[in-house]
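Let me begin by presenting the structure, written as structure tokens, before commenting on it.
Bear in mind these aren't lab numbers, they're just calculated from the coordinates by the rules spelled out. Note that this is a predicted model, so its numbers are computed, not measured. With ideal geometry, Cβ positions are generated from the backbone for all residues, glycine too; neighbour counts draw on all protein chains shown.
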Amino acid sequence: QTILSQTDFTERDDLTYPFEERGLQFGDGIYEVIRIYQGSFYLLTEHVNRLFRSAAAIKLQLPFSKQTITNQLQELLAKNAMTTDGIVYLQATRGSAPRTHAFPAADTPANVYAYVKDMPRKREEIINGVSAITQRDIRWENCYIKSLNLLPNVLAKQEAQENGCFEAILERDGRVTEGSSSNLYLVKDHHIYTHPATNQILNGCVRMRVKQFAADLEYPLTEEAFSPEAIANADELFLTSSTSEVMPIVMVNGKPIADGQPGSITRQLQTAYEADAQISNVT
Ligand code: PLP
């Protein structure tokens, strides 16, 4: 497998890292997960823009321009003869340097790599919906940065899985922020609610598109947080992410949402997503 390493391409097995590496030792870095459908990127520009926003937020100097990394990611798909559904994982850290908290010397190059991976669409879950549990959002105050520091997200997702659930719905101060690796939406009386894109959530690339889909379908979407208690009376609940698309949530903490079936607005947004991504309708 060919991977992008620093500013060039190499084979996967040729890539090694020293143990004194900022990403490994401090989680001092950022990443992106970009969807690929039938060998083509979906929302690549949005992901590259967010990568640069995250980099600026942590004062990380990326060793490429937006145009260069865009071209290189396209080249990465070509070199791997990618034709299936998958993702690219890209991460950039503050580089390799002796361990000390403050930034290393300014001329220390960032460590960057990106690789492709097959990832089929989650058809069964997209069709039938998934279950979730609620958990306290114990993350830091800068969740808008797609940081490598994911321990609270890891623990939340693990807790969900140990309870037989797909996702953990995070709540902070009586408001639902987002999922452990997704954005969250509640539908009540044909109205869609989701947490505003403040520093308390990651503004998902799919979330940005869902706002447009809702506008096109003429459903009001209000960026206003809802409470965990409101979930019990929701007409529909769904999540979005690059790997989960528009995913119905049909059960929370063991209780069904409405009749326990994916809702009609969720279905319409799924169809809009599939049209936008130019992929087949599975529902
Ligand atoms: N929120 C969190 C915490 C995430 O980790 C993710 C993606 O993995 C998302 C939201 C959704 O972002 P996107 O739609 O860009 O995949």
Looking at region 239-283, which of its residues are among the β-branched types (V, I, T) and out of contact with any strand residue (DSSP E or B) (no Cβ under 6 Å at 6 or more places or on another chain)?
T243, V250, T271, V282, T283
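Every residue in region 126-166 that is aliphatic (A, V, I, L, M) and assigned to a strand (DSSP E or B), please.
The first filter runs over region 126-166 and keeps only residues aliphatic (A, V, I, L, M), leaving 126-127, 130, 132-133, 138, 145, 148, 150-151, 154-156, 160.
V130, A132, I133, listed by residue number.
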Where residues in region 19-55 are more than 11 Å from the ligand (Cβ to nearest atom) and β-branched (V, I, T), which of them is farthest from N80 (Cα to Cα)?
I30
Result of the Cβ filter at 6 Å on region 203-218, keeping first residues that are away from the ligand (no atom under 15 Å from the Cβ) and partners that are of a type outside the set (A, V, I, L, M), at least 6 apart or interchain, is L217/Q268
Scanning region 91-124 for residues that are free of Cβ contacts under 8 Å to residues at least 60 places away in the same chain and under 19 Å from the mean Cα position of the chain (by Cα), which turns out surrounded by the most Cβ atoms within 10 Å (Cβ to Cβ)?
K117
Could you please tell me which pairs satisfy a Cβ distance under 8 Å, a separation of 6+ or placement on different chains, a first residue in region 170-191 that is more than 17 Å from L239 (Cβ to Cβ), and a second residue that is among the small types (G, A, S)?
G174/S227
Which of the residues that make up region 135-151 are farther than 17 Å from R94 by Cβ and among the basic types (K, R)?
R136, R139
Those residues of region 113-125 which are in a strand (DSSP E or B) and among the charged types (D, E, K, R), in sequence order:
K117, D118
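For region 167-188, give me each residue that is over 29 Å from Q25 (Cα atoms) and either under 18 Å from the mean Cα position of the chain (by Cα) or in a strand (DSSP E or B) (or both).
First, the residues of region 167-188 that are over 29 Å from Q25 (Cα atoms): 173-176, 184-188.
Correct list: R175, V176, L184, Y185, L186, V187, K188.
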